[in-house]
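What follows draws every value from the coordinates through simple rules; no lab data is involved. As the structure is a prediction and not an experimental result, all values here were calculated from the model. Cβ sites come from the backbone with ideal geometry, for glycine too, and all protein chains shown count toward neighbours.
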């Protein structure tokens, strides 16, 4: 009895397994019958990234190094020799135009000035005497002429002798000659006064040189002397200045523009200046001037940017990085720079036409911030493969992945 139950249970299990296998077979048959149409719909073409051209502003930029310099800088030398009796400024001091920076003591020149002034006073008195002598002689001429006329009248009446008339005539001639001599003496005295006056002015000018003054508003950048130092008047062999004064309310930024970029450079082009090691925002200015000549050794052109420096945060001698925006083109049609290829034929991009890679010849302009300007050969509606190097060869069937 137990044996029959065991056989019966095993038979039921076998029947269930057989039914299960049949069901699985039927489902597999239906799947196999349906799967060929589904597999036929799988697309094996490679996908490529595409992008439509965009209109943006592009700028031709030049990154270069620059040096900062004072707007004006002057070395101050001694024009007279002597000892420094006073030094009134030190490095870093702000000075105004005409302010006395140092005084050179020249007592012998002061004595010479006093002597020359005394000589001038003496010459002036001599001139006054000469002028009075001229007036006196002119009056004598008038008197002698009147006397001569009277003598001539008397002579006609035979009231005087010939000798008396001759003496009157001689006296008149002598008086005229005396006037000429007196006028010559006056002219000589006037010349002596002018010479003495010029000597006095020369000494005054030299004494004025004993004061070293600031030529403009600025800052003392160098002081190379101390009080009681003996200074010599500057010559070709004495070239050490006493002070150096710099004007730094405006800073000159000097940079060199390569020959290839010179045709695109214009006065007023935007410039961004960032001194090395400087914390904070960069300084924004514009091209102020350039030399209009290229250095024959470097083939670069000296270019200057003037930066206002009212807070004196910029110092002469700083080194900086300059970015020049030389050719701004708004609303330029652009594509990713990686999309543009180049070979012996010219520049090109890959586009998709009829689901196949197609080469399209283009003309390009500026490249800025990862985008290249297309000046001809492309419309805004044409999709462009974003990276030409990653694209399949032309003619390959592809799918867009935009």
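A few points about this structure:
- Axis of helix 107-156 versus longest Cα principal axis of the chain: the two differ by about 40°, to the nearest ten degrees.
- A Förster distance of 30 Å, applied to the separation of the beta-carbon atoms of residue 240 and residue 204, puts the FRET efficiency at 0.65.
- The convex hull drawn around the Cα atoms of the stretch 50-148, when projected onto a plane and averaged over every direction, covers 20.8 nm².
- Relative to one another, the C-alpha centroids of the stretch 332-402 and the stretch 65-137 are positioned 77 Å apart.
- Most mobile of 286, 126, 105 in a GNM of the chain (Cα contacts under 10 Å): 126
- Taking 209, 83, 276 and counting other C-beta atoms within 10 Å, the order from fewest to most: 276, 83, 209
- Estimated inter-spin distance, residue 163 and residue 232, nm [label 7 Å along Cα→Cβ]: 7.8 nm
- Between residue 177 and residue 254, the simple label model (points 7 Å from Cα in the Cβ direction) yields a spacing of 7.5 nm.
- Only helices enter the 222 nm calculation for the chain: every DSSP H run of n ≥ 4 contributes -39,500 (n - 2.57), and dividing by all residues gives -12500 deg cm²/dmol, rounded to 500.
- The stretch between residue 343 and residue 279, if pulled fully straight at 0.36 nm per residue, gains 18.6 nm over its current Cα-Cα span.
- Alpha-carbon centroids, the stretch 148-195 and the stretch 202-238: separation in whole Å: 60 Å
- Matching the structure-derived mean projected area of the Cα convex hull in nm² against the labelled list (i) 53.6; (ii) 20.7; (iii) 32.7 gives the label (i).
- In range of the label at residue 298: residues from the stretch 310-335 whose backbone nitrogen is under 13 Å from the point 7 Å along Cα→Cβ: 320
- Build a GNM of the chain with springs between Cα atoms under 10 Å apart, and of 122, 270, 85 the one that fluctuates most is 122.
- Angle in degrees between helix 162-208 and the longest Cα principal axis of the chain, rounded to the nearest 10: 30 degrees
- Residue 67 paired with residue 270, simple spin-label distance in nm, labels 7 Å along Cα-to-beta-carbon: 2.9 nm
- Debye equation applied to the C-alpha atoms of the stretch 215-279, log10 I(q)/I(0) at 0.15 Å⁻¹: -0.80
- Unit Cα scatterers, Debye sum, the stretch 155-297: log10 I(q)/I(0) for q = 0.12, 0.14, 0.19, 0.22 Å⁻¹: -0.91, -1.01, -1.21, -1.34
- Residues 227, 293 arranged by fewest to most Cβ contacts within 10 Å: 293, 227
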